[in-house]
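What follows is a short report on a single structure.
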There are 2 protein chains.
Amino acid sequence: MKLSAEQMERFNREGYLFFPSLFSQQEIKTLTAEVPSLYAQRRPENVREKTGDVVRTNFAAHLYSYPFAKLARHPRMVEPIKQLFGEDVYMHQFKINGKAAFDGDVWQWHQDYGTWRADDQMPEARAMNVAIFLDEVNEFNGPLMFIPGSHRQGALPAGHDTSTTSYPLWTIDHDTIAKLVAQGGIVAPKGPPGSMILFHGCLVHASTSNLSPWNRVAVYLSLCAVSNHIRRFKRPEYIAHRDFTPIATLPDDCLLRDYDVALPWKDGTPESAMKTEMAA
Amino acid sequence: MKLSAEQMERFNREGYLFFPSLFSQQEIKTLTAEVPSLYAQRRPENVREKTGDVVRTNFAAHLYSYPFAKLARHPRMVEPIKQLFGEDVYMHQFKINGKAAFDGDVWQWHQDYGTWRADDQMPEARAMNVAIFLDEVNEFNGPLMFIPGSHRQGALPAGHDTSTTSYPLWTIDHDTIAKLVAQGGIVAPKGPPGSMILFHGCLVHASTSNLSPWNRVAVYLSLCAVSNHIRRFKRPEYIAHRDFTPIATLPDDCLLRDYDVALPWKDGTPESAMKTEMAA
């Protein structure tokens, strides 16, 4: 899978690329089948919604779940990112976001790079966000909303919102959002399970609550250029990874066939992954 | 304005009718110009959002605001309802819902007739809901969502949710919603300011939060068949009206020309309107 010059240009202009149905239903089923048992685990990697026991986000499944460990090395996902950055990448963050039917809460307007810079001391916005749909995304189950072109602003000032949802987030003020939307509008890519979005670490995005009876589970990855690795370990390792080894991709059929991958956290989260450095 | 046989049949089948751009931009401007001063008033008719000072809903403006008093008597809104019910109607409830940019919170899945029956002892579901858009409604500013055909279930069991938002609501459980959506799907009519929706008192509906920078102010009216007037005054009069006089319509140009209408609450909410009967 190689991006065309037109795709590269579009990414630079709009800050995202959408690939409907990039993975087959058969491939996606190997992942969705694994989610309930992941969400049922009592481990720090499962962050639950304010309203109760429903999982809002699960971290680092690629270190303890076989199908997700293979997804983390999938060439259809990794190769375009290497092409855009012109160098090898490592896994900075790996999440499965629930956005559960009826209970899925909002994610306020934010840039991911804001957090990576403030908390992790990532030098530049050379980490790519990836969203892979495990469920269909439609207008009713809380699709990701982007402000096209907003990534060209670089890192915007942000405030730390610790009260709106169960997950603290560096969010962008209303006046700035209104100005950016006046320029770029809002888009919300929708599509069947297996669709993929690549989006810039500075692209401003949000998602509304999910009141529909349809789950909207998606995998969110952040792959960082190896030379741009984080400099501080302020957040636990299951949130911001500390292994900067370049990802070695598996063959294209890896979700449907057996390949040997390491599952180092299979028996639990190591003590060391919970240790953090304080702010300087 | 007269509904066709096809429109009558569609209303009975789906539970709603959508009229894009029924009112002109010039007509709507006479209403929107009035909203800020209404929302600024400190009177019990303004219910504010949990997050602060933003108005979630304003009640009974037709009793103290001249342009809204004329809207309450508009033939394009009143005549189709009289046609569907085959008798005169009175104003049961009059609301202007803010759904403000960034702050507009969700309305959970509910039927309006559930409340009218439980609280107001309205004998049958012969009251019509009307939504008139004062702002454009698009996929990002929290459009009304309907489950087509759900009105044919009649009044469904509901639980009183007093915690999710700042406004207590009789809401319908998740299993029932999932079943209804499996049959009827979800629709969300969108359109320019001046569009109108008529929907059945038993049609199940909801709306998500508004994270966009676009306000979504809409007028929500409930017009009840005169013979079906409420039997109990458990709620304050500014929420559930007690004057069952049939609405006398004004001419079609009433929003653009001066007509004589009464504004009985212009100088404040009367004491008597706050008095309520307790449950039997």
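Comment: the Cα-to-Cβ extended label point of A:Thr245, at 7 Å, lies 8.3 nm from its counterparts in the other copies, nearest first. The residues of the protein assembly as shown expose, per residue, 39 Å² of accessible area to a 1.4 Å probe. Pairs exceeding a 18 Å alpha-carbon distance, out of B:Lys95/B:Lys190; B:Lys234/B:Lys275; B:Lys82/B:Lys234: B:Lys95/B:Lys190; B:Lys82/B:Lys234.
Pop out a list of residues from segment A:162-203 that are at least 50 Å² less accessible with all the protein chains around than in their chain alone; 1.4 Å probe, no ligands or nucleic acids counted. In segment A:162-203, residues shielded by partner chains: A:His174, A:Ile186.
Ascending distances from the B:Val261 label point to its copies in the other chains, with the point 7 Å along the Cα-to-beta-carbon line: 6.4 nm. Residue by residue along B:208-220, Cβ atoms of other protein chains within 10 Å of the local Cβ number 4 on average.
Note on segment A:194-239: Cα-only Rg and Dmax are 14.8, 43 Å. Put simply, chain A fits an ellipsoid with semi-axes of 24, 22, 21 Å; these come from the alpha carbon gyration tensor as the roots of five times its eigenvalues, largest first. Per q in 0.16, 0.27, 0.29 Å⁻¹, report the Debye log10 I(q)/I(0) for segment B:93-137, using one uniform scatterer on each alpha carbon and no solvent. Log-scaled intensity ratios, in q order: -0.60, -1.13, -1.19. Summed over both chains, the accessible area lost when B and A associate is about 1900 Å², using a 1.4 Å probe.
From its DSSP helices (H runs of at least four residues, each -39,500 (n - 2.57)), chain B gives a residue-normalised ellipticity at 222 nm of -6500 deg cm²/dmol. The coefficient of translational diffusion for segment A:57-205, derived via Stokes-Einstein from the alpha carbon Kirkwood radius under 10 °C and 1.306 mPa s, stands at 96 µm²/s.
Candidates B:Val217, B:Gly184, B:Tyr238 compared by Cα position along the dipole of segment B:162-280: farthest toward the positive end lies B:Gly184, with charges placed on Cβ. Entry note: segment B:23-73 has Rg to Rh equal to 1.01, where both radii use alpha-carbon atoms and Rh is the Kirkwood radius. Electrostatic bookkeeping for B:Asp253 treats Lys and Arg as +1 and Asp and Glu as -1; over the other residues with beta carbon under 12 Å from its beta carbon, the sum is 0.
Among A:180-189, A:135-144, sorting by the average number of other beta carbon atoms lying within 10 angstrom of each residue, highest first, gives A:135-144, A:180-189. What shape does segment B:149-219 take by its C-alpha gyration tensor, where a ≥ b ≥ c are the square roots of the eigenvalues and a/c under 1.5 counts as rounded, a/b above b/c as prolate, and the rest as oblate? Oblate shape, in that a/c is at least 1.5 and b/c is the bigger or equal ratio.
Stokes-Einstein diffusion for segment A:239-280 at 37 °C, viscosity 0.692 mPa s, with a Kirkwood radius from C-alpha pairs, works out to 241 µm²/s. Solvent-free Debye calculation, one equal scatterer per alpha-carbon of segment A:123-242: log10 I(q)/I(0) at 0.12 Å⁻¹ equals -0.52. By the Stokes-Einstein formula, at 1.567 mPa s and 4 °C, segment B:7-108 with its Kirkwood radius over alpha-carbon pairs has D equal to 82 µm²/s. Per residue, the convex hull around the alpha carbon atoms of segment A:103-183 comes to 129 Å³. The label point for B:Lys50 and the one for A:Asn138, both projected 7 Å from the Cα toward the Cβ, are 2.7 nm apart.
Cβ-Cβ distance of A:Arg42 and B:Thr276, R₀ of 35 Å, FRET efficiency by 1/(1 + (r/R0)^6): the value works out to about 0.15.
Within the shell defined by Cβ-Cβ distances under 10 Å, the residues around B:Tyr220 carry a net charge of 0, with Lys and Arg each +1 and Asp and Glu each -1. Label-point spacing for A:Pro157 across the identical copies (point 7 Å from Cα in the Cβ direction), in nm and ascending order: 5.4.
A convex hull fitted to the Cα coordinates of the protein assembly as shown yields 166 cubic angstrom per residue.
Within the accessible area of segment A:156-259, the carbon and sulfur atoms contribute 53%, probe 1.4 Å, all protein chains present. Electrostatic tally near B:Thr164: other residues with Cβ closer than 13 Å to its Cβ, Lys and Arg +1, Asp and Glu -1, net -3.
The values are calculated or read from the model by the stated rules, or taken from the named source; none is laboratory data. Keep in mind that what you see is a predicted model, and the values were worked out from it rather than measured. For neighbour counting, all protein chains shown are included, and Cβ atoms are generated from backbone atoms with ideal geometry for every residue, glycine included. To get the accessible areas, we keep the full protein, side chains included, count just its heavy atoms, and leave off ligands, DNA and RNA. Shrake-Rupley method; radii C 1.70, N 1.55, O 1.52, S 1.80 Å.
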